[in-house]
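Scroll down for the structure; my scribbles are underneath it.
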Ligand code: GDP
């Protein structure tokens with residue numbers, strides 16, 4: 001992605017006005033509007049040490065700029081971001097990472113607002129991140145609406161960051177994961193990662209969190225809510241939202257039904273039987289029960305060792321996924337491969353070559369040129 005495009009994406013946080021519109025030192029960045037947090041005028045470039053100190057001293061403006069650095073696709077930003085992460089790594093890990101998924105309109109952001117404000121009031125530090133692949137496709141974001149979570153955004157202990165954009169979902173996942181680590185280093189002890197319940201991104205979020213919560217509503221139809229067995233199998237709890245007014249009884253009975261169903265499935269987390277609860281984000285009822293359940297989950301998995309074991313495996317999985325991603329990227333941007341793909345496609349369409357032979361040819365071209373280049 002070109003730098004100017006990178007500079008326009010991923011800055012829509014409604015918490016930190018100061019990061020809108022540009023990267024540090026990037027050509028074409030608009031004049032900074034940093035509110036009361038930093039002096040007016042041109043934003044100065046930060047050194048690695050500035051970023052480090054800013055993050056560990058919980059300066060939200062600098063945290064936001066550090067995330068911007070992580071989200072940037074410019075190679076020199078990548079280098080600095082990685083150095084920063086390396087430096088911060090010993091300070092990471094001290095949080096509970098919670099994934100929250102559900103179809104648009106189920107009430108994810110309302111639940112995050114209710115849960116987040118309650119936790120902030122109890123002196124937790126809450127970071128909200130979003131993984132929203134729609135933003136990289138349409139440049140519009142399902143999760144990026146600035147009017148959401150206004151109350152939580154005003155709280156001192158909160159940090160809200162909408163989804164990074166740019167490139168494939170894998171890229172978004174890397175950025176979200178690194179942003180999560182940065183938030184942990186800054187002392188956020190509850191990380192809420194919101195995602196829209198469509199396809200692959202639920203799996204991606206599952207692979208980076210400790211606890212995965214599925215938000216459902218009654219009457220939407222299980223098909224509509226993507227309620228295939230697979231989705232239930234990756235969650236640690238279901239919450240049926242909008243349990244208020246006339247919907248209170250149906251929501252409670254749906255929760256009981258889901259609890260029964262969950263009983264028969266292979267649990268996502270060894271030693272933990274997922275349960276379904278009902279809540280109303282609007283009336284703020286049942287929200288504490290969600291937190292109690294998460295606490296219980298934490299205690300159970302901590303004492304069994306499953307909690308730490310999952311985190312270790314997630315790191316390995318992440319690393320090898322990145323290898324796959326980067327190899328794929330290299331393969332398809334390889335000159336020789338790119339050159340023969342059009343004719344190979346034609347040969348395939350007209351049955352002149354078998355699929356397996358086509359793959360062999362592609363890999364041969366890739367290997368040959370690569371080997372030729374070696375000293
Ligand atoms: P999201 O797209 O999943 O993040 O859903 P939102 O949190 O934006 O909520 C979608 C709509 O449902 C909004 O109009 C909310 O006001 C409404 N809503 C959210 N939670 C509740 C609830 O507990 N009860 C009722 N009655 N409405 C709710």
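The values are calculated or read from the model by the stated rules, or taken from the named source; none is laboratory data. Please read all numbers here as calculations on a predicted model, not as lab measurements. Heads up, the Cβs are rebuilt from the backbone with ideal geometry, glycines too, and the neighbour counts pull from every protein chain shown.
So, of the residues in the stretch 259-302 that are more than 14 Å from the ligand (Cβ to nearest atom) and closer than 13 Å to residue 240 by Cα, which turns out to be surrounded by the most Cβ atoms within 10 Å (Cβ to Cβ)?
Among those that are more than 14 Å from the ligand (Cβ to nearest atom) and closer than 13 Å to residue 240 by Cα, it is 276.
Give me the residue from the stretch 94-115 that is part of a loop (DSSP other than H, G, I, E, B) and within 13 Å of residue 240 (Cα to Cα) and, out of that set, farthest from the ligand (Cβ to nearest atom).
Going through the qualifying residues, I end up with 103.
Counting just the residues of the stretch 153-184 that are buried (at least 24 other Cβ atoms within 10 Å of the Cβ) and more than 22 Å from residue 213 (Cα to Cα), which one comes out modelled with the highest pLDDT?
Of everything passing the filter in the stretch 153-184, 182 is modelled with the highest pLDDT.
Restricting to the stretch 141-152, what's the tally of residues that are at pLDDT 90 or above, farther than 15 Å from residue 194 by Cα and within 20 Å of the chain's Cα centre (by Cα)?
So the count comes out to 0.
From the set of residues in the stretch 214-248 that are within 16 Å of the ligand (Cβ to nearest atom) and assigned to a helix (DSSP H, G or I), which is modelled with the lowest pLDDT?
Looking at residues that are within 16 Å of the ligand (Cβ to nearest atom) and assigned to a helix (DSSP H, G or I), I get 231.
How many residues does the stretch 176-204 contain that are over 28 Å from residue 52 (Cβ atoms), within 16 Å of the ligand (Cβ to nearest atom) and not in a loop (DSSP other than H, G, I, E, B)?
Qualifying residue count for the region: 4.
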